[in-house]
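Student: Just dropping this structure here.
The values are calculated or read from the model by the stated rules, or taken from the named source; none is laboratory data. Note that the structure is predicted; figures quoted are calculated from it, not measured. Note that we place each Cβ from the backbone using ideal geometry, even for glycine, and neighbour counts take in every protein chain shown. SASA here: full protein model, heavy atoms, side chains in, ligands and nucleic acids out. Shrake-Rupley method; radii C 1.70, N 1.55, O 1.52, S 1.80 Å.
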Amino acid sequence: GCEILDYPESELIGQNWLEVLALPEHREKAAEVFGRFVAGKSGPLMKNANFRVRDRQGNVHVLDLSSRLMYDEQGVISGTLSSGADVTQRRQLEEELKILATTDFLTGLSNRRHFLGAAVLAMESFRRYHRPLALLMLDIDRFKRINDSYGHVTGDQVLVALADTLRETLRSADLCGRYGGEEFVCLLPETTEIEARLVAERLRRAMADRRIAAADGELRFTVSIGLAEATPGDSTIETLLQRADVAMYEAKAAGRNRIVSCGGAG
């Protein structure tokens, strides 16, 4: 413990280890759990695979900690024996791998697989509780021309700018993902078609007002947006996605830089 946490024995022996090592925001809960354990109220063994402590410099370490009660000859609890391993680097690697598995590398939004997994759950909730749910599908207008004219680096900047606009404009409860190439999707819980159209219009205007630095000045881009509100007829998330996709292509056919809602142009 001294070696992992960079404390000399003289600063640890006789001290309340929770006061010295536990994070302030976790200390009260940890004391409650440990108190129940040493009182014999939660069994003879306690495990915590994600126990966070501070070292002498204030750095946070993650311990895989096991504690076991010790008993005297009369069977009375006389203390505890705890042992643990520092798994900080392993946990960091696991978090990085989780991010890689769920996040689009370029934009930082959910990747297609993660978005679809969350969208399936949202659709199941809609079918169970009948709360409003809307979906937006966005496609950058003439994106191939942007790449051909300005290069893929500028094209990537446009994708990032679109993702930033989504984060800045939408609520934290909304889920956005890069669906593929220049297509993006946004799932809007507790949102009706009328409300979603207002959101889509804010996004459309924000995209059109965005400026991207290019070799010969500033580049502007627009998006076409398809909108669909979930209905009892949408048996799966794929059905809702398909309706939004059809509406988005109708927006492009109608002149781009506009919103189409389930076949109705706007």
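Student: Looking at (1) over 30 Å from LEU170 (Cα atoms); (2) touching a Ser or Thr at 6+ places or on another chain (Cβ under 8 Å); (3) of a type in the set (A, V, I, L, M, F, W, C), which is the only condition TRP17 fails?
Tutor: Exception for TRP17: condition (2).
Student: Looking only at segment 215-233, how many residues end up being buried (at least 22 other Cβ atoms within 10 Å of the Cβ) and part of a strand (DSSP E or B)?
Tutor: Residues that pass the stated criteria total 7.
Student: Out of all the residues in segment 104-117, which are surrounded by 16 or more Cβ atoms within 10 Å (Cβ to Cβ) and among the small types (Gly, Ala, Ser)?
Tutor: Correct list: SER110 only.
Student: Same structure, new question: Considering every residue within segment 47-68, establish whether at least one is out of contact with any Leu (no Cβ under 7 Å at 6 or more places or on another chain) and over 18 Å from GLY1 (Cα atoms).
Tutor: Looking for residues that are out of contact with any Leu (no Cβ under 7 Å at 6 or more places or on another chain) and over 18 Å from GLY1 (Cα atoms), one finds none in segment 47-68, hence no.
Student: Right, another one. Tell me which residues, restricted to segment 85-103, are within 19 Å of the chain's Cα centre (by Cα), surrounded by 14 or more Cβ atoms within 10 Å (Cβ to Cβ) and assigned to a helix (DSSP H, G or I).
Tutor: The answer is ARG91, THR102.
Student: Every residue in segment 7-18 that is surrounded by 11 or more Cβ atoms within 10 Å (Cβ to Cβ) and not hydroxyl-bearing (Ser, Thr, Tyr), please.
Tutor: Within segment 7-18, GLU11, LEU12, GLN15, TRP17, LEU18 qualify.
Student: Output the residues belonging to segment 234-255 that are more than 24 Å from the chain's Cα centre (by Cα) and open to solvent by 60 Å² or more (accessible area, probe 1.4 Å).
Tutor: SER235, GLN242, ARG243, VAL246, TYR249, GLU250, ALA253
Student: May I ask you to list the residues in segment 49-84 that are surrounded by fewer than 11 Cβ atoms within 10 Å (Cβ to Cβ), in contact with a Ser or Thr (Cβ under 9 Å, 6 or more places away or on another chain) and either among the charged types (D, E, K, R) or part of a loop (DSSP other than H, G, I, E, B) (or both)?
Tutor: ASP72
Student: Suppose we filter segment 132-189 for residues that are open to solvent by 10 Å² or more (accessible area, probe 1.4 Å), in a helix (DSSP H, G or I) and of a type in the set (Gly, Ala, Ser); how many remain?
Tutor: Qualifying residue count, segment 132-189: 1.
Student: Could you check segment 19-48 and list, in sequence order, the residues that are open to solvent by 40 Å² or more (accessible area, probe 1.4 Å), in contact with a Lys or Arg (Cβ under 9 Å, 6 or more places away or on another chain) and closer than 18 Å to THR88 by Cβ?
Tutor: HIS26
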